[in-house]
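See structure below.
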Amino acid sequence: MTSEPFQRVADILLTCPRGIAPYLAEEARALGFEVDAELSAGVRTHGTLADCLRLNLWLRTAHRVLWSMGSFRAHHPDELYKRLAALPWEEFIPADGYVSVDSSVSNAFIRDTRFPNLRCKDAIVDRIALSCGRRPDSGPRMLGAAVFLYWRDDGGEVYLNTSGEPLQRRGYRTRPHRAPLQETLAAALVAAMGQKPGLKGHFVNPMCGSGTLAIEAVLARRNTAPGLLREAFAFRALRGFDAALWETLREEARKAELGGVRGLVVATDRDPAAVDAARRNAVAAGVGACIEFAVCDFRDTDVPEGAGVAALNPEYGERLGDERQLTATYAAIGDFFKQRCQGYTGYVFTGNPELGKRVGLRAARRLPFWNSTIECRLLEYEMYSGSRPPGPAPKPASAAEPVPAAKPGRASR
Ligand SMILES: C[S@@+](CC[C@H](N)C(=O)[O-])C[C@H]1O[C@@H](n2cnc3c(N)ncnc32)[C@H](O)[C@@H]1O
């Protein structure tokens, strides 16, 4: 039976990497939540703590599920302490438990964000000690209940961080390799490529690095709830956590999972260490059997006959690779699409628009994304088989558009 604190409705803030809020909003709506606001790096909705269990289990593009304890006005850290100590923490955090505080603060009195974290933690444990006669342990590591403080100038909001460690840490990436994409960003990218449960068609991922795009594509197509992949969630440490409800939700998610992928998924990289990492990560994610791996130059990737998506995330000269050399690589990607990917939709994810132009094909769409602080584009190319169909400009591929079924056997190059 779900306890009363878990049934109270409050604002919920879903945080995400900058630029992917539209994908997160779509996910929240699909789970039956109303979107109250779409922010630059988050989505506002509302619901109960029990709802937060479902959000943590299913969301692919969120970093944290934050349940609001309330907003406050405070200019000075002493005021902050008073406002936060007035909230009923003892109803949510066990006196014999553990709490950690994390924050985003911009206030004239604060130089070191450890200070407001400390004041917030003091307010919580003092309040609990006063009402329960015992104070919970606390520390920076997320070992139990987690609180998130947002404070700008003279106002802010304080949340129970029901996720704890950010949700992009799915637990499968035991081998990150070089310059891996965040799992949440990769999930938004594959959503933009139309990857969704039951989709037919192939997914080819040359330059796979640690395999994040291929793994997230399979998780989306198999309808695997990403929360099934990890055990640790901060909501488990809250008072009134309903372990039976959590198990029921997990069981429902397991039943909703599709058996396999309708099409071939291929991931290649010229670096054997990358392919080794990608293979191990795929096994850790439970999708090792769904992906064919190979060590090869991207031009030699075995592209299955039929239709589907070919997705590449080449280096773009910010962290790795040399721009002059990369110019030739991007031009070769254009040739690869033209010569080897007919019938496919090609995608290049890059943070360098000049290199993007070197692909030399007309992009049907240029979707904006951010990779940390780098503004990026997902470039989409329709590679029609034979000549381009008559009519005006090529249409963007729709996520709902059906693609022909995978043909058995592999294409010879
Ligand atoms: C930016 S990383 C990809 C990261 C990947 N999306 C992930 O999440 O881990 C680019 C990858 O392209 C590979 N690469 C670069 N040039 C290549 C080529 N000519 N053929 C095949 N792989 C190549 C590199 O070895 C590297 O693993």
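The values are calculated or read from the model by the stated rules, or taken from the named source; none is laboratory data. Keep in mind the model is a prediction, meaning the values are calculated, not measured. Here Cβ is always computed from backbone atoms with ideal geometry, including for glycine, and neighbour counts include all displayed protein chains.
If you check TYR98, TYR150, TYR81 for being crowded, with 17+ Cβ neighbours inside 10 Å, closer than 27 Å to VAL43 by Cα and in the same structural domain as ARG18 (by TED's automatic domain parsing), only one passes: TYR150. Restricting attention to segment 176-190, does a residue exist that is touching a Pro at 6+ places or on another chain (Cβ under 8 Å), within 12 Å of the ligand (Cβ to nearest atom) and of a type in the set (Lys, Arg)? No: zero hits. Looking across segment 282-303, just one residue is small (Gly, Ala, Ser) and either near the ligand (Cβ under 9 Å from one of its atoms) or part of a strand (DSSP E or B) (or both), and that is ALA294. Only one entry in VAL204, VAL266 is within 16 Å of the ligand (Cβ to nearest atom), crowded, with 24+ Cβ neighbours inside 10 Å and within 25 Å of LEU367 (Cα to Cα), namely VAL204. Every condition in (1) at pLDDT 95 or above; (2) more than 16 Å from the ligand (Cβ to nearest atom); (3) not polar (S, T, N, Q) is met by ALA220 except one, and the failing one is (2).
Can we say MET193 is more than 17 Å from the chain's Cα centre (by Cα), within 16 Å of the ligand (Cβ to nearest atom) and not basic (Lys, Arg)?
no
Residues that are assigned to a helix (DSSP H, G or I) and surrounded by 22 or more Cβ atoms within 10 Å (Cβ to Cβ) are absent from segment 61-76. Identification of strands (runs of 3 or more DSSP E) wholly contained in segment 1-49 with 3 or more residues that are of a type in the set (Asp, Glu) and over 13 Å from the mean Cα position of the chain (by Cα) yields no element. Restricting attention to segment 103-161, the residues being in contact with a Cys (Cβ under 8 Å, 6 or more places away or on another chain) and small (Gly, Ala, Ser) number 1. Within segment 156-169, can one find any residue that is out of contact with any strand residue (DSSP E or B) (no Cβ under 8 Å at 6 or more places or on another chain), part of a loop (DSSP other than H, G, I, E, B) and either in the same structural domain as GLY288 (by TED's automatic domain parsing) or more than 30 Å from VAL309 (Cβ to Cβ) (or both)? Looking for residues that are out of contact with any strand residue (DSSP E or B) (no Cβ under 8 Å at 6 or more places or on another chain), part of a loop (DSSP other than H, G, I, E, B) and either in the same structural domain as GLY288 (by TED's automatic domain parsing) or more than 30 Å from VAL309 (Cβ to Cβ) (or both), one finds at least one in segment 156-169, hence yes. Taken as a whole, segment 335-345 holds no residue that is within 10 Å of the ligand (Cβ to nearest atom) and assigned to a loop (DSSP other than H, G, I, E, B).
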